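Comments concern the structure below.
The values are calculated or read from the model by the stated rules, or taken from the named source; none is laboratory data. Keep in mind the model is a prediction, meaning the values are calculated, not measured. Quick reminder, even Gly has a Cβ in these numbers, built from the backbone with ideal geometry, and neighbours come from all protein chains shown. For the accessible areas, the whole protein counts, side chains as well, though only heavy atoms, and no ligand, DNA or RNA atoms are used. Shrake-Rupley method; radii C 1.70, N 1.55, O 1.52, S 1.80 Å.
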Amino acid sequence: MTTDAHLADCRARLAFDLLSNTWNSVLIWVLRDGPKRPGELRERIGGISPKVLTETLRRLEFNGLVTRNAYGEAPPRVEYELTALGRTLLGPIEALGAWVFEHGDEVMAARERTGG
């Protein structure tokens with residue numbers, strides 16, 4: 001594994017990929033308090049379609065950050081929860097949120113100055 005930031009297999013790119021998707025971080029943050037059913041996730045998040053929610057949960061599961069628990073009940077019940085690995089991202093997500101809280105006005109002002 002190389003550390004060259006411009007190569008496809010660089011771990012820094014992996015980290016940015018995990019956090020650059022808007023819904024990845026949001027779902028990880030919402031799952032911090034414990035397992036949730038898909039309906040609960042949609043209610044807590046707002047603005048996410050069922051399709052995008054499913055895609056994001058599958059992506060997080062593929063990356064080992066979320067686990068899917070299916071219960072053999074009638075009607076069927078499914079819950080998602082963070083894995084131990086997924087929990088390790090709570091700190092970086094919280095730090096980024098604190099940065100945005102502190103500097104968000106500056107970023108928004110810069111956008112307005114440049115017409116964005």
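Assorted remarks:
- Of GLU106, GLU61, GLU79, all but one fail to be exposed (fewer than 13 other Cβ atoms within 10 Å of the Cβ) and either within 24 Å of ARG37 (Cβ to Cβ) or not basic (Lys, Arg) (or both); the exception is GLU106.
- Test: ALA70 is outside any helix (DSSP H, G or I), touching a strand residue (DSSP E or B) at 6+ places or on another chain (Cβ under 8 Å) and either exposed (fewer than 11 other Cβ atoms within 10 Å of the Cβ) or aliphatic (A, V, I, L, M) (or both): yes
So that you can scan it fast, the table gives a plain yes or no per residue for (1) within 16 Å of the chain's Cα centre (by Cα); (2) among the aromatic types (Phe, Trp, Tyr):
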site: PRO75; (1), (2): no, no
site: LEU89; (1), (2): yes, no
site: PHE101; (1), (2): no, yes
site: ALA110; (1), (2): no, no
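- Residue pairs meeting the criteria (Cβ under 6 Å; at least 6 apart or on separate chains; first in contact (Cβ under 8 Å) with a residue 24 or more places away in the chain and part of a helix (DSSP H, G or I), in the stretch 89-114; second of a type in the set (Ser, Thr, Tyr) and open to solvent by less than 60 Å² (accessible area, probe 1.4 Å)): ILE93/SER25
- Members of the stretch 33-53 that are assigned to a helix (DSSP H, G or I), open to solvent by 60 Å² or more (accessible area, probe 1.4 Å) and either over 20 Å from ARG87 (Cα atoms) or without any contact (Cβ under 8 Å) to a residue 12 or more places away in the chain (or both): ASP33, GLU40, ARG42, GLU43, PRO50, LYS51
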